[in-house]
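Single-structure report; data block below.
The values are calculated or read from the model by the stated rules, or taken from the named source; none is laboratory data. All of these numbers come straight from a predicted model, not from anything done at the bench. Heads up: the accessible areas ignore ligands, DNA and RNA and are worked out on the full protein's heavy atoms, side chains in. Shrake-Rupley method; radii C 1.70, N 1.55, O 1.52, S 1.80 Å.
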Amino acid sequence: MPFWGRVGVVAAAGTAAGAAWWYLREEKERRRRARRQEELRTLALGQGDFQLVDHTGRARRKSDFLGRWVLLYFGFTHCPDVCPEELEKLGRVVELLEQEDVRKGTQKGTLPPIQPLFITVDPERDSVEALARYLRDFHPRLLGLTGSAEAVRAAGKAYRVYAQAGPPDASGEYLVDHSIILYLLGPDGLLLDYYGRAKSEEHIARSVRHHMDTYQPLPMPTQGQKK
Ligand code: NI
């Protein structure tokens, strides 16, 4: 075989190997995505519909927030430092996303609206009035939710929130030990991501933005479909 012919064969073989490698990588990625979606569907985390009351006294179900991005945090208003810190961080994440919208020169409001939510794990003390008072210190759009002990427990259970009230002190005050996680729900109400206490507001805002940019509604099984 003349020299250039051999080079051609080698190059062709190289291209074929490259294409095969590329195909395998794509296939692996496709399978990973499919598996992830299947996991989300099976776990159905966050699909539990809550029935609570917001800090203005209005009844709220999770389905009221469909179509909106939601950042959700569970805590209690008597929490000495962790909850205030996390709620401030939540507010700053929302601000960062709004600022980015402005910085990019896009019209304000072109980013999908994001709803910050706070659900109490201490309904006994966190009445509608207590929530309304407490939330004045945080983001103006932060919505607080409370309800009966049962409704609050059901809401937390859907997100596998841990909450355990400690023993009361001499004046009857007590702390509630609880998980410290910020949940991101997509417009179809499914959990898309969650962030622990160590994640900075910049990290969370970047991640939320990434989810918004790459969001594809989950293909949900259609109900009542005609055969
Ligand atoms: Ni707390």
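Accessible area per residue (1.4 Å probe, heavy atoms of protein chains only) ranks Tyr162, Tyr183 as Tyr162, Tyr183, with the largest value leading.
As a test of the definition: which semi-axes, in Å, follow for segment 51-213 when you take the square root of five times each eigenvalue of its alpha carbon gyration tensor? Largest first, please. Write down the numbers at each step before the final one.
On the way: eigenvalues 151, 53, 43 Å².
Computed over segment 51-213, the values are 27, 16, 15 Å.
Using heavy atoms of the protein chains and a probe of 1.4 Å, the accessible area assigned to Thr214 is about 80 Å². For the residue pairs Lys28/Lys62; Lys28/Lys89; Lys62/Lys199, the alpha carbons lie more than 30 Å apart in Lys28/Lys62; Lys28/Lys89.
For segment 121-222, what ratio Rg/Rh do Cα atoms give with a Kirkwood hydrodynamic radius? Kindly include the intermediate steps, with their values, before the conclusion.
Values: Rg = 16.6 Å, Rh = 16.3 Å.
Here the Rg-to-Rh quotient is 1.02.
For segment 51-213, the solvent-accessible area works out to 50 Å² per residue, with a probe of 1.4 Å and every protein chain left in place.
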